[in-house]
Amino acid sequence: MLKILTKIIDNLKSGNEEYLQILQLRREMGHLSLQHWLRDDLHKWTFWLNFFMVFIPWIIWWKFVDRKRITEIFAYGLLISVASGFMDVIGSEYAVWGYPDVLFPDIARLFPIDLTVIPVVYMLVYQRYSDWRSFFIASTITAAVFSFIAEPILVWLNLYLLVTWRYTYSFPIYIIMALIMKWLTQKIVSQQVKLPYN
């Protein structure tokens, strides 16, 4: 990976000095991140917590998912996962929060949360509460649990570091994300053409 980046940097024209500096810093950060991961993260119990958070929620989801609506529910979860991951990238890149202990080196995100815990929990809420009023209430409770219980626990476990971010900022974002993705999922499902099976 470092050789490829070095070759790219060497082939760039001189008009890109600022971008060259960014690439150089990214290369140095990648090397430092890998060293930190090998020396610190890989040997902690939190590594295994992250590892199991990738699989356990999906096993739970598979046990409880409504198989008749699995495509719709999974589509909702996928949209939640994309939105959560996108926001995580923005927050991490601008260093409003960070992740001291990660599952993978060079990926400074809490992917087990973005790709498993958040989507699985919201999929179960989506499945259980179909009307808008009950969904809003359940999503608000879920957002409160994520913001004021789960995030502080992640901070206490040193899996999540708040820099300029506050738990209260997360609360409305979780609610808005759940509502927008429900609306979008229902819009997509309503446009689905039902074809007879031969």
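Just so you know, all these numbers are worked out from the coordinates, no wet-lab data involved. Since the model is a prediction, treat every value here as computed from it, not as a measurement. Note that we place each Cβ from the backbone using ideal geometry, even for glycine, and neighbour counts take in every protein chain shown.
Observations, loosely collected:
- Restricting region 122-198 to trypsin sites (Lys or Arg not before Pro) in coil, as DSSP defines it, with at most 10 other Cβ within 10 Å: Lys194
- Note on Trp58 and Gln191: the model spin-label points, each 7 Å out from Cα along the C-beta direction, lie 2.8 nm apart.
- Estimated inter-spin distance, Val96 and Trp132, nm [label 7 Å along Cα→Cβ]: 2.7 nm
- Phi angles across region 140-156 convert, under the Karplus curve 6.51 cos²θ - 1.76 cosθ + 1.60 with θ = phi - 60°, into 3J(HN,Hα) values of 5, 5, 4, 4, 5, 5, 4, 6, 10, 10, 5, 4, x, 5, 4, 5, 4 Hz, Gly and Pro given as x.
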